[in-house]
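K.L.:
Structure below; questions to follow.
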Amino acid sequence: MAKVIAIANQKGGVGKTTTAVNLAASMAATKRKVLLIDLDPQGNATMGSGVDKYGDVATIYDLLIEEQSLDDVICKETSGEYHLIAANGDVTAAEVKLMELFAREVRLRNALDTIQDKYEFIFIDCPPSLNMLTVNAMAAADSILVPMQCEYYALEGLTALMDTITQLAKLVNPQLQIEGILRTMYDPRNRLANDVSEQLKQHFGDKVYRTVIPRNVRLAEAPSFGAPAMYYDRASSGAKAYLALAGEMLRRKEKQSAAVA
């Protein structure tokens with residue numbers, strides 16, 4: 001069964017899409033079968049995967065609203081060697097049209113039920129806001145990965161996000177839990193970043209990944225070339241960090257599986 005992980009933070013500019021694209025590519029590089037779902041109307045994860053959002057491409061809108069089959073909407077040719085369900089400006093209309101539909105909160109979950117055995121990981125890049133698309137992601141996910149910068153406002157936003165997750169778990173997905181908290185754009189020379197990092201570890205313990213994602217120009221440049229960082233500059237600190245994150249997540253998964261067994 002696939003592990004479905006929503007990558008979410010209501011605060012924008014925290015490296016959410018960068019994490020979605022690079023983590024998907026890193027997992028695919030370990031020979032895992034990976035599906036990335038772009039739920040953001042901006043379509044940044046789509047473009048960062050080497051898929052033209054302005055071209056003739058099926059999107060998450062076609063799956064959720066037009067009820068096309070997953071086979072018709074999954075793009076199997078990406079620059080990151082993973083499969084993709086794309087997004088573009090049409091997805092904005094999905095937010096409105098979902099409100100008119102029956103069982104609107106679980107349409108994504110119901111669609112993904114048919115492919116649970118085809119992938120090891122399904123990552124969902126959520127919009128930076130709480131709307132019906134985000135609710136669909138939370139309903140479909142087993143867990144949530146939260147990327148965040150180590151700064152004061154981000155810490156404040158994390159508290160609000162945790163409250164939101166708690167409420168959504170009660171309403172649409174009682175099994176929903178935090179997969180982990182990822183420190184992004186991290187600069188160890190910054191005293192505030194170190195202070196916030198320590199607060200995170202004190203409050204969330206082992207939910208905070210040991211891996212940190214550094215500030216790295218290659219991570220910023222790679223999307224303009226339509227590729228994850230590891231295919232743009234594999235030797236960059238950003239690419240290495242996401243490969244390390246993938247390794248840490250796999251070790252956690254194996255440990256959890258062994259504990260259940």
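K.L.:
With θ set to phi - 60°, apply the Karplus curve 6.51 cos²θ - 1.76 cosθ + 1.60 along the range 218-229 and write out the HN-Hα couplings as whole Hz, x wherever there is a Gly or Pro.
P.N.:
Each residue's phi maps through the Karplus curve to give 5, 5, 6, 7, 3, x, 5, 9, x, 8, x, 4 Hz.
K.L.:
Treating only the Cβ atoms of Lys and Arg (+1) and Asp and Glu (-1) as charged, compute the dipole magnitude of the range 33-126 about its Cα centre; round to the nearest 20 debye. Each step should come with its number before you reach the end.
P.N.:
Values: 8 positive and 19 negative charges, 37 e Å.
For this selection, approximately 180 debye.
K.L.:
Do any of Lys31/Lys255; Lys11/Lys240; Lys11/Lys118; Lys201/Lys255 go past 28 Å between their Cα atoms, and which? Could the numbers behind the result be given before it?
P.N.:
On the way: Lys31/Lys255 19 Å; Lys11/Lys240 25 Å; Lys11/Lys118 32 Å; Lys201/Lys255 20 Å.
From the list (Lys31/Lys255; Lys11/Lys240; Lys11/Lys118; Lys201/Lys255), the Cα-Cα distance tops 28 Å for Lys11/Lys118.
K.L.:
Report ³J(HN,Hα) in whole Hz for each residue of the range 86-99, in order, from the Karplus equation J = 6.51 cos²θ - 1.76 cosθ + 1.60 where θ = phi - 60°; Gly and Pro get x.
P.N.:
So the J values, rounded to whole Hz, are 7, 9, 8, x, 4, 5, 4, 5, 5, 4, 6, 5, 4, 4.
K.L.:
Still on this structure, please answer the following. Which whole-number value in Å³ per residue fits the convex hull of the alpha carbons of the chain? Please report the intermediate quantities before stating the final value.
P.N.:
On the way: hull volume 31.2 nm³, N = 261.
Spread over its residues, the Cα hull of the chain gives 119 Å³ apiece.
K.L.:
Using DSSP loop states and a limit of at most 12 other Cβ atoms within 10 Å to flag chymotrypsin sites (Phe, Trp or Tyr not before Pro), what is the longest stretch of the chain containing no flagged site? Mind dumping the intermediate values first?
P.N.:
Numbers: sites that count: Tyr54, Phe102.
Between the exposed loop sites, the longest stretch runs 103-261.
K.L.:
Now for a separate question. Determine the per residue accessible area of the chain with all protein chains present and a 1.4 angstrom probe, expressed in square angstrom.
P.N.:
46
K.L.:
Over the alpha-carbon set of the range 1-144, divide Rg by the Kirkwood Rh and report the Rg/Rh ratio to two decimals. Intermediate values should be presented prior to the final figure.
P.N.:
Working: Rg = 13.4 Å, Rh = 14.7 Å.
Dividing the radius of gyration by the Kirkwood radius yields 0.92.
K.L.:
Loop only by DSSP, 10 or fewer other Cβ within 10 Å of the Cβ. Give me the GluC sites (Glu not before Pro) in the range 84-166 that pass, ordered by residue number.
P.N.:
Details: sites: Glu95, Glu100, Glu105, Glu120, Glu151, Glu156; in loops: Glu100, Glu120, Glu151.
Here the sparse-neighbourhood loop sites are Glu100.
K.L.:
Would you mind calculating the gained length between Asp113 and Asp206 on full extension (0.36 nm times residue separation, minus the Cα-Cα distance), in nm to one decimal? Don't skip to the answer; put the middle values down first.
P.N.:
Details: separation 93, 0.36 × 93 = 33.48 nm, distance 2.99 nm.
Roughly 30.5 nm would be gained on extension.
K.L.:
Calculate the FRET efficiency for Ala103 and Thr30 from the Cβ-Cβ distance with a Förster distance of 25 Å, rounded to the nearest 0.05.
P.N.:
Numbers: r = 35 Å, r/R0 = 1.41.
The pair Ala103/Thr30 has a calculated efficiency of 0.10.
K.L.:
Moving on to the next point. Under 5 Å between amide hydrogens, which residues at least 5 positions from Gln149 or on another chain qualify, with H placed 1.01 Å from N in the peptide plane?
P.N.:
Long-range HN contacts for Gln149: Thr184.
K.L.:
Calculate the tail of P(r) for the range 211-261: the fraction of all Cα-Cα distances greater than 13 Å, expressed in %. Mind dumping the intermediate values first?
P.N.:
Details: 747 of 1275 pairs.
Counting every Cα pair in the range 211-261, those more than 13 Å apart make up 59 percent.
K.L.:
Roughly what would the spin-label model give for Ala160 and Ala258, points 7 Å off Cα along C-beta, in nm?
P.N.:
4.1
K.L.:
Out of the total accessible area of the chain (probe 1.4 Å, heavy atoms of protein only), what percent is carbon and sulfur?
P.N.:
Details: 6060 of 12070 Å².
The nonpolar share, carbon plus sulfur, comes to 50 percent.
K.L.:
Then there's this: Taking the Cα centre of the chain as origin, sum charge times position over the Cβ atoms of Lys and Arg (+1) and Asp and Glu (-1), and report the length of that vector in debye to the nearest 20. If you can, show how the numbers build up before the last one.
P.N.:
Working: 28 positive and 32 negative charges, 233 e Å.
So the dipole magnitude of the chain works out to roughly 1120 debye.
K.L.:
In addition: Find how much the distance from Tyr152 to Asp187 grows on full extension, using 0.36 nm per residue of separation minus their present alpha carbon separation; answer in nm with one decimal.
P.N.:
Details: separation 35, 0.36 × 35 = 12.60 nm, distance 1.44 nm.
Full extension from Tyr152 to Asp187 adds 11.2 nm.
The values are calculated or read from the model by the stated rules, or taken from the named source; none is laboratory data. The model shown is predicted, which means the values in this text are computed figures rather than measured ones. Methodologically, a virtual Cβ is constructed for each residue, glycine included, from the backbone with ideal geometry; neighbour enumeration extends over all protein chains shown. In case anyone asks, the SASA skips ligands and DNA or RNA and just uses the protein heavy atoms, side chains included. Shrake-Rupley method; radii C 1.70, N 1.55, O 1.52, S 1.80 Å.
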